[in-house]
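Let me begin by presenting the structure, written as structure tokens, before commenting on it.
The values are calculated or read from the model by the stated rules, or taken from the named source; none is laboratory data. Just so it is clear, the structure is predicted and the values come from calculations on it, not from any experiment. No Cβ is skipped: glycine too gets one built from the backbone with ideal geometry, and neighbour counts run over all protein chains shown.
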Amino acid sequence: MEGKGEAPAIGIDLGTTYSCVGVWRNDRVEIIANDQGNRTTPSCVSFTDTMRLVGDAAENQIAVNPTNTVFGAKRLIGRRFSDIPVQIPILWPFKVIPGPGDKPIILVTYKGEEKQYVAEEISSMVLSKMKEIAESYLGSTVKNAVRQATKDAAVIAGLNIMHIITAAIAYGLDKKVTTAGGKNVLIFDLGGGTFDVSLLTIEKGIFEVKSTSGDTHLGGEDFNDRMLNHFVNEFEEKHKMNITGNPRAMRRLRTACERAKRTLSATTLATIEIDCLYNEVDLYSKISRARFEELNMDLFKKCTELVEKCLRDANMDKNSVHDVVLVGGSTRIPKVQQLLQDFFNGKELCKNINPDEAVAYGAAVQAATLSGEGNDKVQLLDVTPLSLGLETGEGVMNVLIPKNTKIPSEKEKEFTTYDDYQTSVLISVYEGEGTKVNENNLLGRFRLSGIPLAPRFVPRFNVRFGVDVNGILNVSAEEKTTGHKNKITITNRKGRLSKAQIEKMVQEAEEFKAEDEYHKKKVEAKNSLVNYAYKMRNTIKYDDEIASKLAAVDKKKIEDAVEFVLRWLDGNKLAEADDFEDKKKELESIWHPIIIKIYMG
Ligand code: ADP
Ligand code: MG
């Protein structure tokens, strides 16, 4: 446990496409709506000539400022540039380039300057926004938050992460355990861009992750793409025009498809009407739920296949699953639910909590539990997502800790030399499922020296792998007869951020905070000036008492001053807070003496 929380306890789900925040209050969870009244907030950040926008405001920029509006960035976290599926950068209107260590870098123009960000930074901006949404609702500062997202991003936002959570908590499945040997829960999370399925065993408040599976490129956006293609083809057949080369037309059609898809979750027919889609030609069409399902059937089936794989990895029969929990906006699709229910022989699915809110909901429950507001403590047992091992002769991967091993975990194995009279060995540590190391990720290398002179296969040395609760891997090697030792610690696996990188981001996040405050101050000063000017004008017009006592020359003076300021505002949109304040003082210096004269005289 990383420290006691301070009330109020909030939970954040930092999603790839949408994020959500919940709070534990009065013994229950409330999902907090943002300033636009929406219960989920787009995980989107937009950079303009003058400011940075996050959430709904950023999403609105997609059409007008596509190259500087970043969405879906979470898909890049922990990936190397060369591993990104090629279709991702093609679909994204913003630029992604390979950076140091092949880490993907997002390029945008912000305030007229080119800026580079890593995905973690964009995520941390969204996380800060979610924190602000909670703060403005609660009217207090939020320090602790439990959320399901990358730890790195949370460090940047200055949050104290207490634990990883699961949506099972939202359903109180940890409380309802009756079965001997625990309860098996399958979490089916189909969101905007990713599909995750995990199998947990819950026993006496202890969560054990049995296996995880999924697809990092499968979700709601793919369903939109299928529908988009359908209408592109239809339009081409009907009008002999291909709109794919026109970004604006594609964007408008994509938005319409997203809306139609959501409609089809509730009704069996959706209409699409877009005026002047392309070359003055409208697109008026319909799509049935059945057609939509047909377009996506292979993708829907893939979800069930991955559920099967997850069960197989855990060595569990589907009849042993006690609860199936739906998470992610795309599980609102009736066909997805039906296929899953059929797979589990008609079992009722847990879906009475909004699927796109379930993670934030569970996070809030857990935040409350950890901060002492809830009742019992919940403990999560995690697993290694990939096999860990080292290279032995001819580039073979020798696995010490297999994939899906419960952590913390430790394993020791004996090795020998491959050459005669070898006095040292190079130990190369890899993660991955390939049988050859060149198919896997190299995590680090170190040398064990002091091996006694002997023909090959004679010397013996031990290598020990240990993964702690935080997923940190320690590898040590020891030659028993001489006592020579060496070791390596691997903390940032899979292209994760180094401490220095994180510190740099923390610092930049601070700078952003200062900048946001600067903008806020500016906007407030400007609004205050505008309000003051209109108030002056309205008072002399509509306040009968003042209007009747006002001398003509003073009336003119006020009208001119107001007029002057409004015109000045038009020409000085980018003025600083001080300028607005000065102008307001000028207005006050005209207004006050006149009003005093009226009331005194
Ligand atoms: P994330 O992937 O960020 O975790 P969510 O879990 O909120 O996001 O899922 C977002 C996806 O859910 C989007 O692709 C959205 O189109 C889809 N979605 C939301 N509501 C519906 C609905 N009623 N029917 C079908 N899909 C939906
Ligand atoms: Mg999600």
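Within the range 267-293, being in a helix (DSSP H, G or I) and either surrounded by 13 or more Cβ atoms within 10 Å (Cβ to Cβ) or among the hydroxyl-bearing types (Ser, Thr, Tyr) (or both) holds for ARG289, ARG291, PHE292, GLU293.
Checked against (1) modelled with pLDDT under 95; (2) buried (at least 17 other Cβ atoms within 10 Å of the Cβ); (3) touching a strand residue (DSSP E or B) at 6+ places or on another chain (Cβ under 7 Å), THR331 passes all but condition (1).
Count of the range 554-585 residues, restricted to those that are more than 47 Å from the chain's Cα centre (by Cα) and either surrounded by 16 or more Cβ atoms within 10 Å (Cβ to Cβ) or in contact (Cβ under 8 Å) with a residue 24 or more places away in the chain (or both), is 4.
ASP342 passes every criterion in (1) at pLDDT 95 or above; (2) touching a helix residue (DSSP H, G or I) at 6+ places or on another chain (Cβ under 8 Å) apart from (2). Taking (1) in contact with a Ser or Thr (Cβ under 6 Å, 6 or more places away or on another chain); (2) of a type in the set (S, T, N, Q); (3) at pLDDT below 85 in turn, ASN68 satisfies each apart from (3).
Pull up the range 309-352, narrow it to residues that are β-branched (Val, Ile, Thr), within 16 Å of ligand 2 (Cβ to nearest atom) and assigned to a strand (DSSP E or B), then point me to the one that is farthest from the chain's Cα centre (by Cα). So that I can check it myself, show each step before the final result.
Step one: list which residues in the range 309-352 are β-branched (Val, Ile, Thr), which gives 321, 324-325, 327, 331, 333, 336.
Next cut, within 16 Å of ligand 2 (Cβ to nearest atom) only: 325, 327, 331, 333, 336.
Going one step further and asking which of them are assigned to a strand (DSSP E or B), we end up with 325, 327.
Numbers: VAL325: 20, VAL327: 15 Å.
Taking the candidates together, the pick is VAL325.
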